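Remarks on the structure that follows.
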Protein chains: 2
Amino acid sequence: MKTQPPSLTVGVFAAAAGVNVETIRFYQRKGLLREPGRAYGTIRRYGESDVARVKFVKSAQRLGFSLEEVAGLLAFEDGTRCDEARVAATQKLHDVRAKLDDLRRIEAVLAQLVDRCRARRGAITCPIIAALHAH
Amino acid sequence: MKTQPPSLTVGVFAAAAGVNVETIRFYQRKGLLREPGRAYGTIRRYGESDVARVKFVKSAQRLGFSLEEVAGLLAFEDGTRCDEARVAATQKLHDVRAKLDDLRRIEAVLAQLVDRCRARRGAITCPIIAALHAH
DNA sequence: CTTCGGTCCGTACCTAAGTACGGAGTCAAG
DNA sequence: CTTGACTCCGTACTTAGGTACGGACCGAAG
């Protein structure tokens with residue numbers, strides 16, 4: 001596992017992570033991302049792990065985690081003490097599983113809709129709501 | 001299936017749906033919720049189906065759907081033409097499945113972390129990022 | 001050693017999704 | 001028929017998550 005030294009400028013870094021430079025700065029202000037020290041000069045350099053981190057933030061966000069929650073997830077990676085991490089991770093695991101259940105329900109209903117629709121049964125009054133109704 | 005007539009005032013309705021009154025009005029402005037006509041008087045009445053609808057919106061939101069996307073999902077229920085519905089639903093189905101994949105990945109990593117942590121292997125440098133790294 | 005794109009930083013602005021406010025109207029109970 | 005709680009409506013404010021702006025500075029290329 002070669003951990004190459006930080007070598008990317010913000011511009012390159014941001015592009016690699018698929019966000020814009022301002023977002024990087026924003027995440028730094030929020031404490032989601034370190035501000036690398038700037039050896040030899042006043043310009044900061046970033047590494048691949050930073051890119052991965054930002055990509056992770058974006059993925060988690062798409063799944064409905066707020067930046068604050070993402071910060072919680074990232075804390076595990078950042079070496080919180082084992083006990084705290086376990087408790088927090090267990091909690092998050094519950095959350096995630098609840099989300100999975102909900103999503104699976106939606107998936108089932110959508111799949112069914114598409115299916116019925118394909119079978120051309122005239123007016124399909126799709127019961128998406130009904131399906132979710134069961135909480 | 002008894003569809004009782006609208007009989008709830010906004011206040012009761014909002015409480016039943018677990019949101020506040022202003023949110024109801026907001027959803028109406030956004031077209032996510034009908035504004036019931038007000039038979040006999042100037043006060044609006046809502047029914048159980050409205051409650052279900054709002055609850056659905058809230059569920060979908062928790063899963064990372066924006067109100068706009070939720071509106072899209074609800075359009076199926078509201079009887080769009082079959083062809084359009086099928087196309088849109090198919091698209092949504094892809095989205096949902098992508099979300100499911102991501103969530104499952106996170107679930108796996110979290111479960112693994114909790115597990116390892118329970119086994120007390122000292123400092124766990126949890127590779128949440130690495131796991132998500134594979135997109 | 002100039003030059004010109006990139007960085008740095010503070011501050012201002014933007015959209016989504018609500019929340020709050022205040023005045024006017026309503027309606028059921030006393 | 002008055003009161004007090006609730007509704008209605010427009011408008012303004014708030015929070016999260018960014019985006020945009022503009023002046024000063026840096027640093028590699030010519």
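The values are calculated or read from the model by the stated rules, or taken from the named source; none is laboratory data. What you see is a predicted model; the values in this text were computed from it and never measured. Note that each Cβ is placed from the backbone with ideal geometry, even for glycine, and that neighbours are counted across all protein chains shown. Side chains included, ligands, DNA and RNA excluded: accessible areas come from the protein's heavy atoms. Shrake-Rupley method; radii C 1.70, N 1.55, O 1.52, S 1.80 Å.
Here is how the numbers come out for the structure above:
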quantity: Test for A:Val96: is it under 19 Å from B:Arg105 (Cα atoms), assigned by TED's automatic domain parsing to the domain that holds A:Pro6 and not in a loop (DSSP other than H, G, I, E, B); calculated: no
quantity: First in the stretch B:20-43 and not assigned by TED's automatic domain parsing to the domain that holds B:Phe56, second anywhere and more than 7 Å from DNA strand C (Cβ to nearest atom) and open to solvent by 100 Å² or more (accessible area, probe 1.4 Å), Cβ under 8 Å, 6 or more apart; calculated: none
quantity: Residue within the stretch B:114-126 that is at pLDDT 75 or above and touching a Leu at 6+ places or on another chain (Cβ under 7 Å) present; calculated: yes
quantity: Residues within the stretch B:18-76 that are away from every other protein chain (no Cβ under 12 Å) and assigned to a helix (DSSP H, G or I), tallied; calculated: 12
quantity: Single residue of the stretch A:19-38 satisfying the filter (near DNA strand D (Cβ under 10 Å from one of its atoms) and surrounded by fewer than 16 Cβ atoms within 10 Å (Cβ to Cβ)) that is modelled with the lowest pLDDT; calculated: A:Arg38
quantity: Matching option when the condition is at pLDDT 90 or above and surrounded by 16 or more Cβ atoms within 10 Å (Cβ to Cβ), among B:Val54, B:Val109; calculated: B:Val54
